[in-house]
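Here the structure is laid out as structure tokens; the discussion comes afterwards.
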Amino acid sequence: MTAPARRPRRLLTSRGVRSSLFWVVGLGILGLTVYYHGRGHAPQRIADRLQGPSAEHWLGTDSVGRDNVAELLAGLPWSIEVSLLATAIAAVLGTLIGVASGWYGNWWSRALLRLVDFEVAFPFVVLAVVLIGVLGRGQLQIAFVLGVSLWPLVARVVHGETLQLREKEYVVYANLVWGNGWRVIREHLVPALMIRVAVVSAFVFADVLGAAAALSLLGIGPSLETPSWGNMLAEGQHYLQRAPFIAFSSALALIFLVVFVNLLADRLARAVERSGAALAGAITEETLVTEGSVRS
Amino acid sequence: MSLTDTPQAEVTHGPAGTRATSLAWTIVSRFLVRAAELVGFLVLLVVALFLLARAQGDPAAVLAGPEASPEDVEAIRVLYGLDQPLLIQLLNFLRHFLFFDFGTSIHEKVPALELALDRLGTTVVLCLIATVINVAVATPLGLYVGGTGGRLAWLRKVVSGAVLAAQGVQYYIVGMLLIAVFAINLRLLPAIGFDRPDSWVLPSIALAWLAAPRLTRVVASAASQVYGSEIVHTATAYGLRPGTIRTRYVLPNVMVPMIATAGTQFTLLLSGAVIVEGLFGINGLGLLLVVSAQNFDFPTLAASVTLIGLIVFAVTVISDLLYRLVDPRLRRSGA
């Protein structure tokens, strides 16, 4: 029998996963390169403001004469950092609580699960808006708020998986031999769960990318000194008539990134299902949406 | 014959009676569990908000305004009971909260609940119209994508791919596109507000975009399961027309996952409504939430969040009942 930890490597060689991973990782590296190149907005040239596409400015310029291509590159690191951070928070929180509620079947873990149930049912943008109003609009705060709003998606999947794993022979025996639940969780449960957490996290990552940009549209995203795709989109909204290319370029960039992250997640989920590492059935976006309501 | 028939009839009647009571019991107990979840979640959320808001700033200073003298701030602190220990304040607040008394809006100076109730209708109407569009688009599309046969096999693949692509396009980007095309360039429909029926069109379509591709995929996967089942094979063997098979056998079987998903998606729509309201300048609950979050208007926040929780609760209960109504099997088993 293959150790659960080996499986991810085999998954990465599947063709569908690899091609979408190429784009996502490529953009991530691009973002980090820009990050080390120096942060902040692209240079302004006020004389060139609100231009259409030309040989000099491929996607035109914005309201203070920044090149849209350069501005997209400048905004990439913020979006990627926030999404990574928020996804990490959601994954860690979701795994902890999902494992706790699945492994210990006592009253407080059931109460915890009820909380998850209702938070899944509660509109997460409402939660995020309220929390950002209270906490502030910094990068850390936004990442924290989005992570806290989306962790139940991870917790649900982890909970279901833990319930199945708990009955597996190697887990039962390990528990008998060691008599130490914490060690079994650490050495057997969590490694076996990682791949599923990775799949859900990919979906969460895409959600965060979209939600972070939406916050800018509401005027509660990062401050305007911070270059981000959401801020660009929000600016483009005011110039839809005079300079549609501001909105057009940022919208297209956002769609491109989100679609590829979603494709990656979808293919990863299918590959996991094929490899037999998934116990509780495949995760698709549909299961993430429907599992909240159809409880037997 | 008649002698043996009678006891049999009674035997089948007996369990039916207990089934009916167990169904009622399931519904009531689910209702109670949901209600307990709602109250627990709201209390937790509101207490967290309360503590976070207090950690962020001094409400007395906010109430008094920027030009107030220290004495005025102190007077307001005493007037609103803000000089008492935090725990007492919290308990006082919770006591009022449980009776739907959220206090006066700090920003608008009217009862917070009134303010939120005023905006509630707009948001619910927006979400309901979007749900109607969602179901009206996703059902036929999903049945088509999930079907088999037909002359144009490639078309089905194209539509299925288009649905997948549509899912990746954010609804607010669709909203901006709709504004650019129909409001700015063609000047057909208003881009702002929600007061006239023609101003309902663009925001509802944008919002429905959030849910329709996913619902289409749920309907399609349910439909393809039904199309592969023996029911449909038998019906086809009997020579029923594809249209008849679709409406009489496939559609009813697709209804349960569809209603369940559309019900859950109502929450998604409430999420999206916040952003769509911002985009189209609609004075709904979402915009109220954004504005009062920025103003630290704690009573209004608590009132709006509670109302949204109640909507979610109502929708869950209604969709729970609805798919029992649609599927007799669920009614009998009491699942």
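Computed from the coordinates by the stated procedures, all read-outs in this text should not be read as laboratory data. Small disclaimer: the values here were computed from a predicted structure and weren't measured. Positions of Cβ are generated from backbone atoms using ideal geometry, with glycine treated the same way; all protein chains shown enter the neighbour counts.
Among B:Thr300, B:Thr247, the ranking by other beta carbons within 10 Å of each residue's beta carbon, starting with the fewest, stands as B:Thr247, B:Thr300.
Going from the fewest other Cβ atoms within 10 Å to the most, the residues A:Trp151, A:Trp78 appear in the order A:Trp78, A:Trp151.
Peptide B:173-180 is shielded by partner chain Cβ atoms: per residue, an average of 5 of them sit within 10 Å of its Cβ. By how many degrees, between 0 and 90 and to the nearest 10, does the Cα long axis of helix B:298-326 differ from the longest principal axis of chain B? Value to nearest ten degrees: 10. In region B:273-335, inverting the average of 1/r over every pair of distinct C-alpha atoms gives 13.9 Å as the Kirkwood radius. Counting Lys and Arg as +1 and Asp and Glu as -1 over every other residue whose Cβ lies under 10 Å from the Cβ of A:Phe118, the net charge comes to -1. Rounded to the nearest 10 degrees, the inclination of helix B:153-168 to the longest alpha-carbon principal axis of chain B is 10 degrees.
Based on DSSP loop calls and a cut-off of at most 13 other Cβ atoms within 10 Å, the longest stretch of chain B free of exposed trypsin sites (Lys or Arg not before Pro) is what? Excluding the exposed sites themselves, the longest stretch runs over B:188-335.
List the residues whose amide H sits under 5 Å from the amide H of B:Thr104, counting only those 5 or more places along or on another chain, with H placed 1.01 Å from N in the peptide plane. When sequence neighbours closer than 5 places are left aside, the close amide H contacts are B:Ala112.
Inverting the pair-averaged 1/r between distinct Cα atoms of the protein assembly as shown gives 26.8 Å as its Kirkwood hydrodynamic radius.
So, counting K/R as plus one and D/E as minus one, what does the shell of residues with Cβ under 14 Å around B:Pro111 add up to? So the environment of B:Pro111 carries a net charge of -3.
Look at the alpha carbon pairs under 8 Å that are at least 6 residues apart: their mean separation over the length of chain B gives a relative contact order of 26 percent. Of the GluC sites (Glu not before Pro) found in region A:31-100, those that fall in a DSSP loop while having at most 14 other beta-carbon atoms within 10 Å are A:Glu56.
Charges were assigned to the Cβ only: +1 to each Lys and Arg, -1 to each Asp and Glu. The resulting dipole of chain B about its Cα centre is roughly 2000 debye.
Using only the alpha-carbon atoms of region B:229-278 as identical scatterers, what base-10 log of I(q)/I(0) does the Debye formula give at q = 0.15, 0.18, 0.30 Å⁻¹? The Debye formula, applied to the Cα set alone, gives -0.56, -0.64, -1.02. When the GluC sites (Glu not before Pro) in region A:111-192 are filtered for DSSP coil states and for at most 14 other beta-carbon atoms within 10 Å of their beta-carbon, the remaining sites are A:Glu167. Taking the Cβ of A:Gln51 as the center, what net charge do the other residues with Cβ under 15 Å away carry, scoring Lys and Arg +1 and Asp and Glu -1? Overall, the nearby charge balance is -2.
With the largest listed first and rounded to whole Å, the semi-axes of the equivalent ellipsoid of region B:157-313 from the Cα gyration tensor are 38, 21, 12.
Shown here for region B:27-132: GluC sites (Glu not before Pro) in loop regions (DSSP other than H, G, I, E, B) with at most 14 other Cβ atoms within 10 Å, namely B:Glu67. Sorted from longest to shortest, the spans of the Cα atoms of chain B along the three principal axes equal 92, 67, 31 Å.
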